[in-house]
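These notes are about the structure you will find just below.
Rule-based calculations on the coordinates, nothing more; no lab input. What you see is a predicted model, and the numbers here were worked out from it, not measured in a lab. Heads up, the Cβs are rebuilt from the backbone with ideal geometry, glycines too, and the neighbour counts pull from every protein chain shown.
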Amino acid sequence: MREIKFRAWYGENIGMLTPQFAGDINEIFAQKNGIYMQYTGFKDKNGREIYEGDIVKVTNGAEELGGVDTGIGKVEWFTKWGFWNVSKIENSLGDLLFNGYVEVIGNIYENPELLEAAE
């Protein structure tokens with residue numbers, strides 16, 4: 001069963017809050033005007049948890065071959081298909097989120113320039 005976790009962005013003054021323990025979830029919802037992001041249940045290739053709104057670098061898993069197809073996109077929930085995916089990946093690698101060929105490089109609130117640079 002997938003672990004249900006959240007983190008929240010409260011703007012520049014407070015920043016990103018990520019509870020360290022399951023019992024700390026009240027800390028996230030105690031503040032007002034937060035933007036809540038759900039944990040996807042996946043980890044990147046370095047073992048870092050992947051949350052909705054993360055910006056990830058995606059590879060096709062063939063790093064040892066050189067000339068790897070890569071892209072940078074935002075992790076989001078696709079309601080129409082009912083799964084997590086990476087948007088804005090031109091070469092159809094967005095579905096590799098669940099295969100572990102991703103690396104979290106930031107998020108859309110603290111590092112929006114990463115996504116802008118990829119466009």
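Tabulated data for the structure shown
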quantity: 3J(HN,Hα) from dihedral phi, the stretch 7-15, Karplus parametrisation 6.51/-1.76/1.60, rounded to Hz, x for glycine, proline; calculated: 9, 9, 9, 10, x, 4, 5, 9, x
quantity: Label-point gap, in nm, between Ile14 and Gln31 - each point 7 angstrom along Cα→Cβ; calculated: 0.4 nm
quantity: Relative packing of 46-58, 70-82, which averages over residues the other C-beta atoms within 10 Å, highest first; calculated: 46-58, 70-82
quantity: Residues whose placed amide H lies under 5 Å from that of Gly73, excluding near-sequence neighbours; calculated: Val56, Val58
quantity: Long-range HN-HN contacts of Gly41 with modeled amide H, under 5 Å; calculated: Ile50
